[in-house]
Amino acid sequence: MTATAPAGTAADTVASLRAAFGAAVLRHATPCGDDVVWVENARAHEILAWLKDTPGQDFDYLTDVTAVDYRDPELPLEVVYQLRSLARKVDLRVKIPLDKAQPLAVASVFDLWKGADWLEREVFDLFGVSFTGHPDLRRILMWDTYVEGYPLRKDFPLRGHFSRAEQTRQALAANPEAHYSLEELSIAEAFGDLPEAMRERLLHGERGELR
Amino acid sequence: MGLIAPGGDAPEEAALEAASPNWVTTRLDALVNWGRTSSLWPMPFGTACCAIEFMASAASRYDLSRFGMERMSFSPRQADVLICAGRLPFKLAPVIRRIWDQMPQPKWSISMGACASSGGIFDTYAMVQGIDTIIPVDVYVPGCPPRPEGLVYGIMLLQKKIRGESLTDSTLRVEHLVGPEGLYLPAEKIDEVSEPFGNSVHQTRSA
């Protein structure tokens, strides 16, 4: 934190968080110089929205969404949000502990940061955490028909649940073209969002009517 | 027409005729094989770091053009040899299979590097343990990744193999591909007929 930057370190942010949300802020630690704050799942979305929208906090950039599954089954699975304020040059890591005995679900932050779209899909794909309110929650790295489970969970065997022969059989039964259709790329949908001039060009061609 | 003088007993002569190609087809073989050997068009299937070495092989220092590979064929329909450079995840298995199916005969394939040949270090849930479980392979190039010299040597081995082919041998172009149901074997059956393999003594072919 340089002297010229707007006031407030990540630790100050955590102090303001405690003042605003009280017991919903569970814990604060600074491992390796990074500020990490654990918050309650029920109020997590509210807290993240507060961090983004409160003047003076301005965590306008969502660097990453990921999750951690610890080997100890007693420990909760943690969903991790890495936030950054581009104006203040401050980083803050927000963690939401989830009880593994309960269904793993947190509120999606897609409405706050549009970039959360694929990040949350990845966490859903590999950890099985469902993000309520996400507009398009489906697998992103593994294929849609993958049924072996969630590969980055600690209880997932390294080679998967099925035999190699069965995995090969299922992979070959997949239709690769289903993933690369125009519908998937949603060109038709995006057309409406293009600038007017570009739409004109695409519709009629640069040198007049082409249809 | 054969080199064997007529006059022996007929069935024996016919058997010899069938077993050994006569002079004309032998010379035609030489011509056709020379043509095929010297104009292999590769279909690069580069998925990982092996593809970097492959690009180095194609660039001026190692210069694959010397072997008739002037043109990288990025369309499988104009390709002769599929070079799988890199590890193949299960998600790409149907893709490489589709590309192989789209290549016209005669066609060959090279498995470049440890991962393409055996899964390499990626003994995981997402990785195909050797592309020979998906498509037939002619030459395996070891290395992680192989140096361009290694790949060039593999290509020369493939050329040697092509020079030995014969038009009269119709079995060369027959494919026994592993289909979703085709040659599928249950895991127990595979373990029964195979030895332990791979990085660990506990690893079997099926698991």
(request) Test residue A:85 against the criterion of being within 19 Å of residue A:134 (Cβ to Cβ), at pLDDT 85 or above, surrounded by 18 or more Cβ atoms within 10 Å (Cβ to Cβ) and among the small types (Gly, Ala, Ser), and give yes or no. (result) no
(request) Filter the range B:62-98 down to the residues that are charged (D, E, K, R) and in contact with a Phe, Trp or Tyr (Cβ under 6 Å, 6 or more places away or on another chain), then identify the one that is nearest to the other protein chains (Cβ to nearest Cβ). (result) B:91
(request) Say whether the condition of being assigned to a strand (DSSP E or B) and touching an Asp or Glu at 6+ places or on another chain (Cβ under 8 Å) is met by at least one residue in the range A:3-19. (result) no
(request) List the number of the failed condition for residue A:106; all other conditions in (1) more than 24 Å from residue A:140 (Cα to Cα); (2) aliphatic (A, V, I, L, M); (3) out of contact with any Lys or Arg (no Cβ under 9 Å at 6 or more places or on another chain) hold. (result) (1)
(message) Could you check the range B:99-120 and list, in sequence order, the residues that are within 14 Å of chain A (Cβ to nearest Cβ) and either touching an Asp or Glu at 6+ places or on another chain (Cβ under 7 Å) or of a type in the set (A, V, I, L, M) (or both)?
(response) B:99
(request) Taking the options A:49, A:10, A:20, name whichever one is within 23 Å of residue A:105 (Cβ to Cβ), out of contact with any Ser or Thr (no Cβ under 8 Å at 6 or more places or on another chain) and small (Gly, Ala, Ser). (result) A:49
(message) Among the residues in the range B:107-119, are any on the phi > 0 side of the Ramachandran plot and surrounded by fewer than 18 Cβ atoms within 10 Å (Cβ to Cβ)?
(response) no
(message) Which count do you get for residues in the range A:64-82 that are exposed (fewer than 15 other Cβ atoms within 10 Å of the Cβ) and under 20 Å from the mean Cα position of the chain (by Cα)?
(response) 1
(request) Out of B:149, B:188, report the one residue that is exposed (fewer than 13 other Cβ atoms within 10 Å of the Cβ) and at pLDDT 90 or above. (result) B:149
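The values are calculated or read from the model by the stated rules, or taken from the named source; none is laboratory data. Small disclaimer: the values here were computed from a predicted structure and weren't measured. All Cβ positions, glycine included, derive from the backbone under ideal geometry; neighbour counts span all protein chains shown.
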